[in-house]
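*Asks:* Quick one: structure below, then a few questions.
Please treat every number below as a calculation from the coordinates, not as lab data. Since this is a predicted model, take the numbers as computed values, not measurements. Here the Cβ positions follow ideal geometry from the backbone for every residue, glycine too, while neighbour counts run over all protein chains shown.
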Amino acid sequence: MTTTHLPGSPFVHYKNDSLMMEEVALSQLIAEYGTPLFAYSKAAMIHALDAYERAFKGRRARIHYAMKANSSLGVLRVFAQRGCGFDIVSGGELARVLAAGGKADHIIFSGVGKTRTEIKAALQAGICCFNVESEAELDVLNEVALESQKIAPISLRVNPNVDAKTHPYISTGLKDNKFGIAHERALETYKRAATLKGLMIKGIDCHIGSQITEISPYEDAVSRVLDLVDEIEKSGIRIEHLDFGGGLGIDYAGETPPPADKLWSKLFELLDSRGYADRMIFVEPGRSLIGNAGVCLTKIEYLKTGEHKNFCIVDAAMNDLPRPAMYEAFHGIVPVQIDSNNTSGLVYDVVGPVCESGDWLGRDRSLSVQVGDGLAILSAGAYCMSMSSNYNSRGRAAEVLVDLNKTSLIRRRETIEDLIRQET
């Protein structure tokens, strides 16, 4: 018996010729639940979380899962049961956290466009903090808090103008990005916030982007934030917590991001040297906790050969897994069952049935497969199911949580009845 591990997660591997997640054969999941199907390894989620917890041992710190990466209740419950807080960006995400058993006072509300209704609901729930992203938001938050007879705990999300060296669509820390308050305006904005009776200043927040694979952008951001905290506190405003967001990358195609414990070991050295060892630290990881824990399972419907291109047409599509169409993102694609007697293969573009030329899942992939085979699209835990849609009137996929040799259906497959129920 041989075991072959794949890039990304040690919990997705070949056992002989069968692709496994923990102790479950993925072919078994396809047979039981059908395709397209998302499967998540609970052990992989906990393994990723453990790296952060090792880094924070003995520190005043809390991990807030950035649930926009994957907001399925079964996933949220795993992190809630481990004591995580949550980073939300909508009223719907607030409701999901509470439904999954998350604590309201461990919730941070980020996002540039919070509505009055969402703000009021978060105040009534008693969340930990609002990350304020504009000066205009300060006024709205203050008004809603006073109308609700509440005090809104806030931090300002500061844009440090640091290049995270990532895809422009997932960069958030540069001057031209829509997020946060300009570094140069932060001190004056804090002074103004301190005069508003419905607000209570709690901290400062910074998030520079996603899929970051180097330590240096974090070091630059932390240094710039601490410089600003020095100025703010000289003006008489106390900063209780420092929130450095998330953004740590994962291995999609051989990337080598620093492990979370190594990253935070370096950042704590910087914090300690600047005299901020006593402050409460918040982080908001998303992709690095769930990305490599998930796979998307799909079945080959047709093989189409041509003079210049060969196409492997599968039943998953851009509505199920939008990252390749949206970002030209890479996901590893491997057979669920290796045919050891078939050594010949072809180079295929793996595409879906959606009526768009942009509906591709992988380009130029060497595969030895035939119609009816299952494929696994790797590292699909983050920004896949949460960004999926019903384009072409396709129901969203089912989701399964794997825990050792046990499986749980955490979202049933959408039917056409589900899709048209709200329509007349």
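*Asks:* Which aspartates and glutamates have a Cα lying under 20 Å from the Cα of Lys120, excluding residues fewer than 8 positions away in the same chain?
*Replies:* By straight Cα distance, Lys120 reaches Asp87, Glu93, Asp105, Glu133, Glu135, Glu137, Asp139, Glu143, Glu147.
*Asks:* Let me ask another. Which of Thr424, Thr298, Thr213, Thr256 comes first, and how do the rest follow, when ranked by fewest Cβ neighbours within 10 Å?
*Replies:* Least crowded to most crowded, the residues run Thr424, Thr256, Thr213, Thr298.
*Asks:* Give the relative contact order (percent, whole number) for the stretch 314-393; include only Cα pairs under 8 Å separated by 6+ residues. Before the final figure, lay out the partial values.
*Replies:* Values: 133 pairs, mean separation 34.6, N = 80.
It rounds to 43 percent for the stretch 314-393.
*Asks:* Step through the residues of the stretch 287-297 one at a time and calculate ³J(HN,Hα) from phi using the Karplus curve (6.51 cos²θ - 1.76 cosθ + 1.60, θ = phi - 60°), rounding each to whole Hz and writing x for Gly and Pro.
*Replies:* Values, residue by residue: 3, 5, 8, 10, x, 7, 7, x, 10, 9, 9 Hz.
*Asks:* Still on this structure, I have one more. Just for the stretch 110-285, what percent of DSSP beta bridges are antiparallel, to the closest 5?
*Replies:* Once the DSSP bridges in the stretch 110-285 are tallied, antiparallel ones form about 5 percent.
*Asks:* Taking Cα atoms of the stretch 289-331, Rg/Rh with Kirkwood Rh, to two decimals?
*Replies:* Taking Rg over the Kirkwood Rh, I get 1.04.
*Asks:* Using the alpha carbon gyration tensor of the stretch 269-424, what are the three equivalent-ellipsoid semi-axes (square root of 5 times each eigenvalue), largest first, in whole Å?
*Replies:* They are 34, 23, 17 Å, listed from largest to smallest.
*Asks:* List the pairs from Lys202/Lys234; Lys57/Lys266; Lys68/Lys202 whose alpha-carbon separation is above 21 Å, in the order I gave them. Don't jump to the answer; show the numbers that get you there.
*Replies:* Details: Lys202/Lys234 16 Å; Lys57/Lys266 14 Å; Lys68/Lys202 24 Å.
Result: Lys68/Lys202 exceed 21 Å.
*Asks:* Have a look at the DSSP beta bridges in the chain and tell me what percent are antiparallel, nearest 5.
*Replies:* 50
*Asks:* What percent does the relative contact order of the chain come to when contacts are Cα pairs within less than 8 Å and at least six residues apart?
*Replies:* Numbers: 955 pairs, mean separation 83.1, N = 424.
Dividing the mean separation by the residue count of the chain yields 20 percent.
*Asks:* Right, something else. Just the C-alpha atoms of the stretch 110-285: what Rg/Rh do they give, with Rh taken as the Kirkwood radius?
*Replies:* We get a ratio of 0.98 for the stretch 110-285.
*Asks:* Right, something else. Given the C-alpha centroids of the stretch 339-388 and the stretch 268-334, what is the distance between them in whole angstrom?
*Replies:* The stretch 339-388 and the stretch 268-334 have Cα centres spaced 14 Å from each other.
*Asks:* Still on this structure, please answer the following. Over the chain, with a Gaussian network built from C-alpha contacts below 10 Å, which listed residue (Asp272, Asp261, Asp220) shows the highest mean-square fluctuation?
*Replies:* Asp272
*Asks:* Residue-wise, which Karplus ³J(HN,Hα) couplings in Hz belong to the stretch 77-83, taking 6.51 cos²θ - 1.76 cosθ + 1.60, θ = phi - 60°, and x for glycine or proline?
*Replies:* These are the phi-based 3J(HN,Hα) values: 5, 4, 6, 5, 5, 8, x Hz.
*Asks:* While we're looking at this one, here's another question. Please compute the alpha carbon radius of gyration of the stretch 35-80, then divide it by the globular-protein estimate 2.2 N^0.38 Å. Two decimals is fine. Kindly include the intermediate steps, with their values, before the conclusion.
*Replies:* On the way: Rg = 12.5 Å, N = 46, 2.2 N^0.38 = 9.4 Å.
The stretch 35-80 yields a ratio of 1.33.
*Asks:* Let me have the 222 nm mean residue ellipticity of the chain computed from DSSP H runs of 4+ only, each contributing -39500 (n - 2.57), with the sum over all residues rounded to the nearest 500.
*Replies:* -8000 deg cm²/dmol
*Asks:* With charges only on Cβ, +1 for K and R and -1 for D and E, what is the dipole size of the chain about its Cα centre, in debye, rounded to 20?
*Replies:* The dipole of the chain has a size of about 920 debye.
*Asks:* Oh, and also: Amide H to amide H under 5 Å from Met200: which residues, 5+ apart in sequence or cross-chain, H placed 1.01 Å off N in plane?
*Replies:* Ala152, Ile154
*Asks:* The stretch 290-353: which GluC sites (Glu not before Pro) are DSSP loop and have at most 15 other beta-carbon atoms within 10 angstrom?
*Replies:* Values: sites: Glu301, Glu307, Glu328; in loops: Glu307, Glu328.
Passing sites in the stretch 290-353 are Glu307, Glu328.
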